[in-house]
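The values are calculated or read from the model by the stated rules, or taken from the named source; none is laboratory data. Since the structure is predicted, the reported quantities are computational estimates derived from the model, not experimental observations. Positions of Cβ are generated from backbone atoms using ideal geometry, with glycine treated the same way; all protein chains shown enter the neighbour counts. To get the accessible areas, we keep the full protein, side chains included, count just its heavy atoms, and leave off ligands, DNA and RNA. Shrake-Rupley method; radii C 1.70, N 1.55, O 1.52, S 1.80 Å.
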Amino acid sequence: RREDLHNNEHQIFIAPHWVVGAISNAKWGGVKIRDVLQYCGMDVDAMSLGKLEDPKIKHLQFESYDTDETGFCYGNSIPIESAVDALGEAMFAFEMNDEPLPRDHGFPVRVIAPGHVGNCQAKWLHKVIVSDKESSKPWKQKSYRGFAPDINFEEDLSHWPPKRLDQAPIALFQPVTSLVCNPPQNSLMGAKDLSEITVKGVAWSGGGRGIERVDVSIDGGKSWTAAELYKPVEQKMNRQWAWTQFSKTLKLPEEVRERLARGEQVSLDITSKAMNSDFNLQPETMEPYWNARGVCINHWYHVKTKLDPNREPNSIQHDNSEIEFANTPSGGKFAQPWDAHGFTTDPKHQTNPRAHIEPEASHF
């Protein structure tokens, strides 16, 4: 959802500029991380029960085979509590949907830390380090911190570290979120003799919190009604790792039906808001929690759909008359081509990324 935060007033200088975000759901197979640690001699049962505390064992760091353009290998970490928790289900995965792990998903082995943010799920795993410190990699220490709304990239983050790093916690869990998948964004839907519309989507919350309700709206949030929820697998309290699907068939308002009967096209603003088991709800807008890294974005996602009474009911095609991403303040168009990393207009950031090759690059 970073693209929502990138406009003329605020700019996000970090890739990628997600529009609706990145979310998927899969069945993972592998070995529990706690079992591997136990095999290596760690008393994971005593640690998970709080009977054993070792100041040298606070975090589990991961390093991957993939590198950035300077040869710096990817790395991240999770708290040791997440690794040894008997109910946490963190694993070294080598299967995805009952098949060997695909190369683009981290073959031969990757980390799956359920409930944690995506950057904790290191792919192409190379090394595991038990440490008293978090990973020192930039993807842990820099990229996913939640800064205050008055912190911006040019004045505060272009040089590291900023003055008050203590006020920018590292994201470990995502807030509750949902998105409408059907109808798709910027769709032209056939509405001949149509009297109702079905809205479908997915919802999720970090930290294993479950989805208790999803409300949907076809008038931009002026009125709401609860959707039906579908949870494909049974999940225990605070271990609800998978997404929840939602669906609701709504009657079109009388005004909309009258306009369709007159042969007019009608635009709908379809949105959703989820509530998790802590009764946290998605906020309406992003302004109160705008942050320079664009992390933990979960305000209402709006889907623009146009009903056409001259087309067969429920037929769907892309509406080329609309901007590509109707949800974004920038109109779905980047101010500068993103393949140039956003720095082309600022000469002081013109540097050669390979001018400094990291020493560890020689190991790969």
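General remarks:
- Screening the candidates Leu87, Leu49 for the property of being out of contact with any helix residue (DSSP H, G or I) (no Cβ under 8 Å at 6 or more places or on another chain) and without any contact (Cβ under 8 Å) to a residue 12 or more places away in the chain yields one hit, Leu49.
- Only a single criterion out of (1) surrounded by fewer than 18 Cβ atoms within 10 Å (Cβ to Cβ); (2) modelled with pLDDT under 95 is not satisfied by Val36, namely (2).
- So Phe343, is it touching a helix residue (DSSP H, G or I) at 6+ places or on another chain (Cβ under 7 Å), open to solvent by 40 Å² or more (accessible area, probe 1.4 Å) and either modelled with pLDDT of 85 or more or more than 19 Å from Ser187 (Cα to Cα) (or both): yes
- Of everything in the stretch 74-91 that is among the polar types (S, T, N, Q) and not in a helix (DSSP H, G or I), the residue that is farthest from Arg34 (Cα to Cα) is Asn76.
- Residue within the stretch 208-218 that is more than 23 Å from the chain's Cα centre (by Cα) and charged (D, E, K, R) present: no
- Scanning the stretch 285-329 for residues that are assigned to a strand (DSSP E or B) and modelled with pLDDT under 90 gives Ile316, Gln317, His318.
- Restricting the stretch 264-284 to residues that are in a loop (DSSP other than H, G, I, E, B) and either open to solvent by 40 Å² or more (accessible area, probe 1.4 Å) or without any contact (Cβ under 8 Å) to a residue 12 or more places away in the chain (or both), the residue that is nearest to Arg209 (Cα to Cα) is Ser277.
Okay, residues lined up against (1) among the hydrophobic types (A, V, I, L, M, F, W, C); (2) touching a Ser or Thr at 6+ places or on another chain (Cβ under 8 Å); (3) surrounded by fewer than 18 Cβ atoms within 10 Å (Cβ to Cβ):
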{"position": "Thr70", "(1), (2), (3)": "no, no, yes"}
{"position": "Glu81", "(1), (2), (3)": "no, yes, yes"}
{"position": "Ala90", "(1), (2), (3)": "yes, yes, no"}
{"position": "Ser143", "(1), (2), (3)": "no, no, yes"}
{"position": "Phe147", "(1), (2), (3)": "yes, no, no"}
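- Lone qualifier among Asp66, Asp104, Asp98 - being at pLDDT below 95, charged (D, E, K, R) and under 30 Å from Pro184 (Cβ atoms): Asp104
- Which numbered condition Leu101 fails, given (1) in contact with a helix residue (DSSP H, G or I) (Cβ under 9 Å, 6 or more places away or on another chain); (2) open to solvent by less than 30 Å² (accessible area, probe 1.4 Å): (1)
- Within the stretch 108-128, considering residues that are open to solvent by 50 Å² or more (accessible area, probe 1.4 Å) and of a type outside the set (Gly, Ala, Ser), the one nearest to Val295 (Cα to Cα): Lys123
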